[in-house]
């Protein structure tokens, strides 16, 4: 079940005073998963629908992960997939100007995918699979395909249904797809997801 917006975030937007609208608004360029923390390994807590707006709370320093809502009801999105207006023009949030005034969020104890050694490709502890080579991960990121949406949580170890068409990675024994808007690397023999990345 996909929700249009995390209810707590929606409540925050409705309850805002006129002065708060001066805050930075972001909008999704596609249906975008909102997560409980700054990374693909955190659970999905809602979906920011394509064209839907939300108030930007801030972004982690040196990370693509940004929060919408407020500290009490925060959801995290990947800044590659939201846009905002800076200096009179609409830009992808990741490419915002240095002097944009976006708040830097300091969240002690929270590790974003960008801080992990493997970048945004993460592996669950219960899946004993080798790390796909950098060439495979790069190929998957640069050869995006139309996403398929399914009800199941997308995480390593999940078996993809036969209805999800898997694409070849030339020269490697891996397949990939974009599921629920996220790139996934798959073992072709078992159809198990071995890595998930945003």
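Among the residues in the range 128-137, are any at pLDDT 85 or above and assigned to a loop (DSSP other than H, G, I, E, B)?
Here is the first cut: in the range 128-137, the residues at pLDDT 85 or above are 132-137.
Of the ones still in play, those that are also assigned to a loop (DSSP other than H, G, I, E, B) are 132-133.
Yes, because at least one residue in the range 128-137 is at pLDDT 85 or above and assigned to a loop (DSSP other than H, G, I, E, B).
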Can you pull out every residue in the range 45-67 that is surrounded by fewer than 20 Cβ atoms within 10 Å (Cβ to Cβ) and in a strand (DSSP E or B)?
45, 53, 55, 58
Considering each residue of the range 171-184, count those that are closer than 25 Å to residue 48 by Cβ and assigned to a strand (DSSP E or B), and give that number.
7
Filter the range 23-40 for residues that are surrounded by 19 or more Cβ atoms within 10 Å (Cβ to Cβ) and within 20 Å of residue 156 (Cα to Cα) and give the result.
32, 33, 34, 35, 37, 38, 39, 40
Is one or more of the residues making up the range 161-170 outside the structural domain of residue 64 (by TED's automatic domain parsing), at pLDDT 85 or above and part of a strand (DSSP E or B)?
yes
Number of the condition not met by residue 75 [criteria: (1) assigned to a strand (DSSP E or B); (2) at pLDDT below 85]:
(2)
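The values are calculated or read from the model by the stated rules, or taken from the named source; none is laboratory data. These numbers come from a predicted model, not from an experiment. Don't worry about glycine lacking a Cβ; one is built from the backbone with ideal geometry, like all the others, and counts go over all protein chains shown.
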